[in-house]
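Here the structure comes first, spelled out in structure tokens, and everything after it is commentary.
The values are calculated or read from the model by the stated rules, or taken from the named source; none is laboratory data. All values derive from a computational prediction rather than experimental measurement. Cβ placement follows ideal geometry from the backbone for every residue including glycine, while neighbour counts extend to all protein chains displayed.
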Amino acid sequence: MKIRIASLVLLFIFAFSFLSFAEELKITEVQISTSAINGGQIYCGTDNWSTKSGVCNRGTEYTLEAKSDKAIFLYWQDNTTGKIISKEKILTILVLDNVDIKAVFVPNSTMANVSYTTFFDYNGNVLQAGYNNKIPPSTSNLESAGYNYSGWTPSDYLAQQIGSIYTVTPNLTKKDQHFNVSVAGGFAVPAQENYEYDTFVTVVADESAVPSGKHFKGWSVNGSFASYDKTFSLLVGCNSNITAVYSDTEPVKDNVVAIIDGSRTIVNGAISFLSYRNAIEGCTVLDSGILYASSTFAESLTLDSVGVLKGKAQSKTSSGMYRLNVKAYAGDSIKACAYMIYKYNDKLYVIYSDTITVKK
């Protein structure tokens, strides 16, 4: 599989050109919408953003504050995905694509007579929320790659004490699944015959295995180039063939993102994708993750594609990995690619991996 990577070509002492499939992120206008419900308000500085809808330049940063004397703040929620962004009253956002968020409150007067319960799924998405909410959502929505649902935490939400606010999440019980990890050109730590699902394994390059006249370049995972580092850690989610890659000349590190199918041999209600990122020195990672859509989606998967969904990694370290589990049924096909947005010399760039399609 050909991997889209960014190339840094030294033109002059301090001048670089980004080539290949990395491109400067278009500083276009994007939509930003904010709202507050149940008696709360949102402020950006001294401006009231409780019902804001407008546009701003991509790359703009805002600090928002949830305020109210008459309501209890619960959380910030992404209206597009349903995912909880933060439970802190002050939220700083860097707008890289369309934003639609709301601040969720519950009125003090209402809480004097009722309780309020929010049920979340494994990924922090709101499944159900409401007053005196004793009936949990269907467990059919709780399937996750490699895990089984085994009840709700905390279980005392059933008590429904007046004036109480409950945050309820599903318990995770890991399935008894083990996968093979083979390493060519190095060795795995810890050294085992197989590895439990969702555990980390570290591969280390064997200097004595480098062919004569060659240089160690990095590692590929199931055919996708994933890292330039001689010591590389990954999350086990499927049978993995990790192979050392060599070059004829001393390699020049580039920015790289890769995506692999993490669903192999996993039988459950999800398609699982794993992405890897590596940013070279001088580049600051601002955002990364996985773009995905139905396999019938005709366009390329980019940040500007209408109808493409995004799974966003929380970490912004220069190297790392991210897992996305997409709920799917037998016969469903999902296409996905990894992406990374980074800053270099005060400009924003985006890089995409190749797109893969996985059928459930």
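Structure notes:
- Taking the range 85-195 as the region of interest, the strands (runs of 3 or more DSSP E) fully inside it that hold 2 or more residues being modelled with pLDDT of 85 or more and assigned by TED's automatic domain parsing to the domain that holds Ser272 are 181-184, 186-189.
- Any hit, the range 313-333, residues being of a type in the set (Gly, Ala, Ser), in the same structural domain as His215 (by TED's automatic domain parsing), assigned to a strand (DSSP E or B) and surrounded by 22 or more Cβ atoms within 10 Å (Cβ to Cβ): no
- Criterion: modelled with pLDDT under 85 and under 20 Å from the mean Cα position of the chain (by Cα) - qualifying residue of Ile259, Ile271: Ile271
- The set of residues in the range 279-298 being farther than 18 Å from Leu25 by Cα and not aromatic (Phe, Trp, Tyr) consists of Glu281, Ala293, Ser294, Ser295, Thr296, Ala298.
- One residue stands out among those in the range 183-212 that are small (Gly, Ala, Ser) and in contact with a strand residue (DSSP E or B) (Cβ under 6 Å, 6 or more places away or on another chain): the one that is farthest from Asn239 (Cα to Cα), which is Ala205.
- Given (1) touching a Gly at 6+ places or on another chain (Cβ under 7 Å); (2) more than 20 Å from Phe273 (Cβ to Cβ); (3) among the hydrophobic types (A, V, I, L, M, F, W, C), index of the condition Cys238 fails: (2)
- Here Trp49 meets each of (1) within 25 Å of the chain's Cα centre (by Cα); (2) closer than 30 Å to Val350 by Cβ; (3) at pLDDT 95 or above with one exception, condition (1).
- Verdict on Ile259 being of a type in the set (A, V, I, L, M), part of a loop (DSSP other than H, G, I, E, B) and assigned by TED's automatic domain parsing to the domain that holds Val201: no
- Applying the condition of being among the aromatic types (Phe, Trp, Tyr) and either in a loop (DSSP other than H, G, I, E, B) or in contact with a Phe, Trp or Tyr (Cβ under 6 Å, 6 or more places away or on another chain) (or both) to the range 217-242 and asking which residue is nearest to Asn148 (Cα to Cα) yields Phe232.
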